[in-house]
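The values are calculated or read from the model by the stated rules, or taken from the named source; none is laboratory data. Not measured: the values here are computed from a predicted model. Every residue, glycine among them, receives a Cβ derived from its backbone with ideal geometry; neighbour counts consider all protein chains shown.
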């Protein structure tokens, strides 16, 4: 009787070990996924700040040249504004996707 229980016990321990390793792998994958996702959002936020700075420089230049006259949107202004809009939408989309995955 002890001959039958020993292989079952070994099999049970091996199955538990395999299950534990698979859970560990899933957790590691999730951790790396979260890290990469956070890195991607931080890079987009950094790019957003650069676009805000570019728009500010163009606006500052216009104010220095034309004093208080309303600014006629230049290519640089519209380009920066469109990029800002795109980056905001992309950041919001990525955050929402990450929230749904969690």
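Residues in the stretch 69-102 that are over 22 Å from residue 50 (Cα atoms) and either at pLDDT 90 or above or assigned to a helix (DSSP H, G or I) (or both): 96, 97, 98, 99, 100, 101.
Out of the residues in the stretch 74-91 meeting the condition of being out of contact with any helix residue (DSSP H, G or I) (no Cβ under 8 Å at 6 or more places or on another chain) and surrounded by 11 or more Cβ atoms within 10 Å (Cβ to Cβ), tell me which one is farthest from residue 33 (Cα to Cα). Give the steps one after another, and end with the answer.
Start the filter on the stretch 74-91 by keeping residues that are out of contact with any helix residue (DSSP H, G or I) (no Cβ under 8 Å at 6 or more places or on another chain), which leaves 75, 78-79, 82, 85-86, 89.
Narrowing the set further to residues that are surrounded by 11 or more Cβ atoms within 10 Å (Cβ to Cβ) leaves 78-79, 82, 85-86.
Numbers: 78: 35, 79: 32, 82: 29, 85: 26, 86: 23 Å.
Result: 78.
Among the residues of the stretch 24-45, are any surrounded by 12 or more Cβ atoms within 10 Å (Cβ to Cβ), at pLDDT below 95 and more than 30 Å from residue 101 (Cβ to Cβ)? Scanning the stretch 24-45, I find no residue that is surrounded by 12 or more Cβ atoms within 10 Å (Cβ to Cβ), at pLDDT below 95 and more than 30 Å from residue 101 (Cβ to Cβ), so the answer is no. Taking the criterion of being modelled with pLDDT of 85 or more and either under 22 Å from the mean Cα position of the chain (by Cα) or not in a helix (DSSP H, G or I) (or both), the residues of the stretch 49-68 that qualify are 49, 50, 51, 52, 53.
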